[in-house]
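First the structure, in the form of structure tokens, and then the observations on it.
The numbers here are math on the coordinates, done by the rules we state, and not lab data. Please read all numbers here as calculations on a predicted model, not as lab measurements. Virtual Cβ from ideal backbone geometry, glycine too; neighbours counted across all protein chains shown.
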Amino acid sequence: MLQIKNIHASIEGKEILKGINLKVNAGEVHAIMGPNGSGKSTLAQVLAGRQEYEVTKGEVIYNNKDLLSLSPEDRAREGIFLAFQYPIEIPGVSNTNLLKTALNEIRKYNGQEELDAMEFLALLKSKMKLVEMDQSLLNRAVNEGFSGGEKKRNEILQMAVLEPKLAILDETDSGLDIDALRIVASGVNKLRSEDRAIIVVTHYQRLLNYIVPDFVHVLYNGRIVKSGTKELALELEEKGYDWLKDQKELVMN
Amino acid sequence: MGHDVDIRDWYISRFKDFENSLNGESLKPIHMLRKEAIEGFAKLNFPTTRDEEWRFTNISPILRFNFKPSLKIKKITKSTVEKFLFKELNCHLLVFINGHFAKEFSRTNNLPKGVVAGNINREISNGSELVGRHLGKYANHKEQIFTALSTAFTKDGAFIYVPDDKIIEEPIHILFITDTNGEQLLTQPRNLYIAGKNSQVTILEHYASVNEGLYFTNVVTEVVAGENSIVDHIKLQEESVKSFHISRTEIDQERSSNFASHSISLGGEITRNDFNSRFNGQGGECTLNGLYLLNGNQLYDTHTMIDHANPYCNSHEHYKGILDGQSRGVFNGKIMVRRDAQKTNAFQENNNIILSSDALVNTKPQLEIFADDVKCSHGATIGQLDADSMFYLKARGIGEEKARTILIHAFASDVVRTVKIEALRNYFEKILNDRFNK
């Protein structure tokens, strides 16, 4: 589904990603871990099409398309979903409205009929159960005055409604208490399917107890320095990221 | 400078024509006021950008034309008038064409007993005591040349009187239509609204033009909000982009009165909107909100002054601008909290979104606080559509144009959603859609 080939990306002239290679197949869950500043979020943003990041080298093939040539909105319409690390507050735009507009824009692009208000509300209701979200949050402005947990749940709700092919969760677990984390993880797990791939970007191993990945990659200083199965995450948890630093130096030397 | 003098002389010489057109009316006491005003006008100078109050608003384009004071009504068809009405809105209606009352299009049935909603010319002719008592008492013509010009040519405008304890449920829609037919006209509506003790009224002041003519509207409006009255005011300006519009609204607020104004404007070539409110008793509440949508070479200037002369009064001010092209916005919000005005709450905010690289905003809060137990705040922002929000919407599959429209709507919604009349909120939404949802 997704093939990242030797991606280099920089922001304001500073290189953050220094040659990332990654292959993700449908049905797989990949976790990308790494210390602060290793480039995890940059990778997520680059895949979603944030223009501030300049891709200087490499390519990304997504379902046989050159992903980097697509606009952010077309990437979303092609089935890519980024759950933001820091979901944006948009005063004056109702949560429901945003979701309905987004869903219909995506459907239109894919030649499907747009949903009317009734159909949409029925769909929304069923998806809300997934993330145990309160009805009142729907009528409020997007993320405005939401708690940290509510914002993250809202991201998962959006994902549930938009039904992406490839979901990228950027530190969706950060700042969540254990109850919220369970709700978010269970929402994600319910969305796992054979034709959907999920990339979980996280700083902490904790989330991976709830969303069990097929593969774990460790990002350090703009490169994937180690890949493995879920045991790698445990090893990281135990030894910390400093252990990697030594590994990395070993590799370099 | 020489040209300013010429244009002043031009208006002075037009005053003679005006006097002649008045016939017997020039014998009424109000004519003394007119004459005093024209004498004052002759001594005043048109403001330049050297005047602090006009620093960013160069009115010299207005002085380039010899606008002819509109002395008579123009015939227009019913269907032309209907174009400017709001179908979903049940209201009383006063229609003015080129500044003159058009009785045949107006409709003021079912008003509570004692309420007057009509034209001020009729009141003047009848020797109304209320007009004598209030006209020109709040908008002083001695210092402001445009007010002097208005006062000198006082002829017609809207007059609303709501006696004590009367409540008018339906809004009064005052429609000022300008149809120049190629003439460079000066129309000068002179409005007076008086709300008695415990009364309530909603007034929509609506300026529109039949065609994209070049003309000059110079409005002076005086509002008396009596004790414990509620006056809800909406000003909608959707005129020719070539027109000039200078407007001054003076509000006299008595004890515990509540005045709210929403000024929604699509601008003209040059627009200047002054809103000045004064709390004459304690416990008053004043809301001044506004939204301006500018494009091309338009210049739009809002000057407000809220005079907290008494304690326990609240004022809220929120003006928002969306500017495109080479348009320019000016906002100057003055709040005066006098020494005795303890427990004042005064909040002011001016936010602007600039959609092009050439648009410009000058914004200036001006708080003068002489009391010590008060809460006052002000804020001003000038920026572009938020890039993070744009990306967030796009990352959800929403395209550039639509994302822009959504964010502009969201920006404007603070002001639009506080308009109490649903039909107008819908109309303002439509204005936003027409402009940004292409």
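A helix-only calculation puts chain A at -11500 deg cm²/dmol for mean residue ellipticity at 222 nm, using -39500 (n - 2.57) for each DSSP H run of at least four residues, averaged over all residues.
Under the shape rule built on the C-alpha gyration tensor, where the axes satisfy a ≥ b ≥ c, the stretch A:41-164 is oblate, since a/c reaches at least 1.5 while a/b does not exceed b/c. For the stretch A:107-141, GluC sites (Glu not before Pro) are listed when DSSP marks them as loop and at most 10 other Cβ atoms sit within 10 Å of their Cβ; the list is A:113.
Going by neighbour counts of Cβ atoms within 10 Å, the residues B:80, B:363, B:147 line up, fewest first, as B:80, B:363, B:147. Please give the Cα centre distance for the stretch A:30-95 versus the stretch B:1-62, rounded to the nearest Å. So the two Cα centres are separated by 63 Å. For the pair residue B:420 and residue B:107, label points projected 7 Å from Cα toward Cβ lie 2.2 nm apart.
As a proxy for reagent exposure, ranking A:128, A:133, B:32 by other Cβ atoms within 10 Å from fewest up yields B:32, A:128, A:133.
With both residues required to sit in the protein assembly as shown, DSSP beta bridges show an antiparallel share near 20%. The loop-placed trypsin sites (Lys or Arg not before Pro) in the stretch B:249-355, going by DSSP, that have at most 12 neighbouring Cβ atoms within 10 Å of their Cβ come out as B:339. What does the C-alpha gyration tensor say about the overall shape of chain B? Classify as rounded when a/c is under 1.5, otherwise prolate if a/b is larger than b/c, or oblate. Rounded is the answer for chain B, as its axis ratio a/c remains below 1.5.
For chain A, what does the alpha-carbon gyration tensor say about shape, rounded, prolate or oblate, given a ≥ b ≥ c as the root eigenvalues, a/c under 1.5 as rounded, and a/b over b/c as prolate? In terms of gyration-tensor shape, prolate. Exposure here means at most 16 other Cβ atoms within 10 Å; with GluC sites (Glu not before Pro) in a DSSP loop as sites, the longest stretch of chain B lacking them is B:213-438. Averaged over the residues of peptide A:90-102, the number of Cβ atoms from other protein chains lying within 10 Å of each residue's Cβ is 5. Kindly work out what percent of the DSSP beta bridges joining two residues of the stretch B:1-275 are antiparallel, to the nearest 5. Around 10 percent of the beta bridges assigned by DSSP in the stretch B:1-275 are antiparallel ones.
Of the residues B:166, B:43, B:74, the one that moves most in a GNM of chain B with alpha-carbon contacts below 10 Å is B:43. The ranking of B:275, B:411 by Cβ neighbour count inside 10 Å, starting from the fewest, reads B:411, B:275.
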